[in-house]
Amino acid sequence: MKRILVTGGAGFIGSHLCKRLVENGDDVICLDNYYTGSKENVWDLLKYSNFELVRHDVIQPYWAEVDEIYNLACPASPIHYQNDPIQTTKTAVFGIYNLCGLARRTGAKILHASTSEVYGDPAIHPQPEAYWGNVNPIGIRSCYDEGKRCAESLAMDYHRLHGVRIKLIRIFNTYGPKMQAYDGRVITNFVVSALKGEDITIYGDGKQTRSFQYVDDLVEGMIRMMATEDDFTGPVNIGNPGEFTMLELAEKVLRLTGSKSKLVHLPLPADDPKQRRPDISLAKEKLNWEPKVPLDEGLKKVIEYFEARRPNF
Ligand code: NAD
Ligand code: UDP
């Protein structure tokens, strides 16, 4: 039985990961300060003796004897990470600093959830890991983007200086059940608005693109990355190369929900990346991984999830 620490385990992705690890028979500590996550997300796991829930902020050091660490603690949606940008930078940077210290002392492997945001508004398309990115260092997204870039940098220095076993993944836009209805992310905004018959808000002309990955595919990629050989640090892109404009996404959501909601255009937020699609050649080669769930299929699951929660959103 492996002892596994999942920081941010009560969040959207973390709760799916915890479930998979608990079902696999691992001994899981789910650590969270509930900034954007909730106990509800892991309610179903509390009955298992190999699951433990700890309230803690990764900005402060944490001590536990563990074999593996998945570091997911960090708000991910723009409205959440911009709500308290100083806290976001501290979470990203002090979080990985404290956890690398823990990994060094315990000899644990540490997988860090980095992001496609390290590529900023990319000038290279699709984005391979070798691309260094195009990030505004002083903009409203930089608390997150630069926080995550600094976290990658710190993790690699712990690897080079102290031999800490680091695994970096760069996650592209991920969606699925347990996202918060009002997290401001495009999939939840569109699905919730469509189900309520409210206007669907397209920021800008809606021609910007994103590549959306279903959460189960991501969790599989994370577990495969953790299992790679010790000298393989990544970074590895984990995402679905299917690329859609926001207008195409809105049309899909309208079709799948049968909603009569209207599309309305709102101003594009500052520094909003124009395009994003992962080059996943490295994940295919090193992890023998590629995503399996097409967007339509994943969207249906999200729609079912929110439909089942009516009228509580
Ligand atoms: P989320 O907001 O649902 O989950 C983040 C979790 O971290 C929450 O439970 C939150 O309460 C917790 N947290 C935040 N600050 C903390 C702190 N200081 N101490 C302890 N816990 C803290 O977001 P998510 O979508 O599940 O994202 C999880 C991770 O994956 C994040 O690190 C995010 O940057 C990364 N990521 C997500 C996406 C995506 O599309 N969802 C894309 C790229 C990267
Ligand atoms: N977006 C949109 N309408 C919304 C929410 C978001 O058009 O109601 C756009 C947003 O401007 C961005 C894309 O959808 O271009 C993805 O936004 P999200 O916040 O989900 O993710 P990120 O920008 O971090 O990739």
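Just so it is clear, none of the values below were taken in a lab; they were calculated from the coordinates. Quantities reported herein were computed from a predicted structural model and do not represent experimental measurements. In this analysis, Cβ positions are derived from the backbone assuming ideal geometry, glycine residues included, and neighbour counts consider all displayed protein chains.
For this structure, a couple of remarks:
- Exposure proxy ranking, count of Cβ atoms within 10 Å, fewest first, for Leu72, Leu256, Leu154, Leu161: Leu161, Leu256, Leu154, Leu72
- Formal net charge of residues neighbouring Glu243 (Cβ-Cβ distance under 11 Å; K, R +1; D, E -1): +2
- Sparse packing (at most 13 other Cβ atoms within 10 Å of the Cβ) combined with a DSSP loop state is found for the following chymotrypsin sites (Phe, Trp or Tyr not before Pro) in region 175-220: Tyr182.
- Computing FRET efficiency as 1/(1 + (r/R0)^6) for His265 and Ala227, where r is the C-beta to C-beta distance and R0 is 30 Å, gives about 0.10.
- Acute angle (nearest 10 degrees) that the helix 246-257 long axis makes with the longest principal axis of the chain, alpha-carbon atoms: 80
- For the chain, the share of DSSP beta bridges that are antiparallel, to the nearest 5, is 10%.
- Taking the centroid of alpha carbons for each part, region 40-90 and region 287-302 are 25 Å apart.
- Sparse-neighbour loop sites [GluC sites (Glu not before Pro); region 170-273; at most 11 other C-beta within 10 Å; DSSP]: Glu229
- For the set Lys19/Lys300; Lys196/Lys292; Lys252/Lys301; Lys178/Lys207; Lys274/Lys301, the pairs lying more than 18 angstrom apart at their alpha carbons are Lys19/Lys300; Lys196/Lys292; Lys178/Lys207; Lys274/Lys301.
- The residues neighbouring Tyr35, those whose beta-carbon lies less than 15 Å from its own, together hold a net charge of -2 under the Lys/Arg +1, Asp/Glu -1 convention.
- Put in order of Cβ neighbour count within 10 Å, fewest first, the listed residues His125, His112 become His125, His112.
- Evaluated at q = 0.14, 0.17 Å⁻¹: base-10 log I(q)/I(0), Debye formula over Cα of region 265-313: -0.73, -0.89
- Between the Cα long axis of helix 142-162 and the first principal axis of the chain there is an angle of about 20°, rounded to the nearest 10.
- Distribution of pairwise C-alpha distances over region 62-190, 10 Å bins, in %: 13, 40, 35, 12, 1
- Kirkwood hydrodynamic radius over Cα pairs of region 130-256, then Stokes diffusion coefficient at 20 °C and 1.002 mPa s, in µm²/s: 126
- The chain: angle of helix 215-226 to the longest principal axis, Cα-based, in degrees nearest 10: 20
- For region 36-136, chymotrypsin sites (Phe, Trp or Tyr not before Pro) are listed when DSSP marks them as loop and at most 13 other Cβ atoms sit within 10 Å of their Cβ; the list is Trp63, Trp132.
- Summing +1 for each Lys or Arg and -1 for each Asp or Glu among the other residues whose beta-carbon sits under 15 angstrom from that of Ala108 gives +1.
- Put simply, the C-alpha atoms of the chain give a gyration tensor, and the ellipsoid matching it has half-axes of 30, 22, 18 Å, longest first.
- Residue range of the chain that is longest and free of trypsin sites (Lys or Arg not before Pro) which are both DSSP loop and sparsely packed (at most 10 other C-beta within 10 Å): 48-259
- Among Asp44, Asp183, the order by Cβ neighbours within 10 angstrom, fewest to most, reads Asp44, Asp183.
- Residues with amide H under 5 Å from that of Ile200, placed H, sequence gap 5 or more: Lys262, Leu263, Val264
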